[in-house]
């Protein structure tokens with residue numbers, strides 16, 4: 001479990017995936033915010 005030897009390929013891959021997931025979660029959170037906002041408008 002030691003991170004002494006850096007593996008650039010997996011690091012780049014992890015960065016790519018983390019950016020992808022971050023974008024997805026931001027989109028999801030924004031969608032939830034819009035949903036709750038419209039729900040509060042209609043009720």
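The values are calculated or read from the model by the stated rules, or taken from the named source; none is laboratory data. Here the structure is a predicted model, which is why all the values come from computation and not from measurement. Every residue, glycine as well, gets a Cβ built from its backbone with ideal geometry; the counts of neighbours run over all protein chains shown.
So that you can scan it fast, the table gives a plain yes or no per residue for (1) surrounded by fewer than 10 Cβ atoms within 10 Å (Cβ to Cβ); (2) in a helix (DSSP H, G or I); (3) at pLDDT below 80:
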residue	(1), (2), (3)
3	yes, no, yes
11	no, yes, yes
16	no, yes, yes
20	no, yes, no
25	no, yes, no
32	no, yes, no
35	no, yes, no
39	yes, yes, no
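Does any residue in segment 22-43 that is touching a residue at least 12 places away in the same chain (Cβ under 8 Å) come within less than 9 Å, Cβ to Cβ, of a residue that is surrounded by 10 or more Cβ atoms within 10 Å (Cβ to Cβ) six or more places away or on a different chain, and which pairs are these?
Sorted first by the residue in segment 22-43, then by its partner, the list stays empty.
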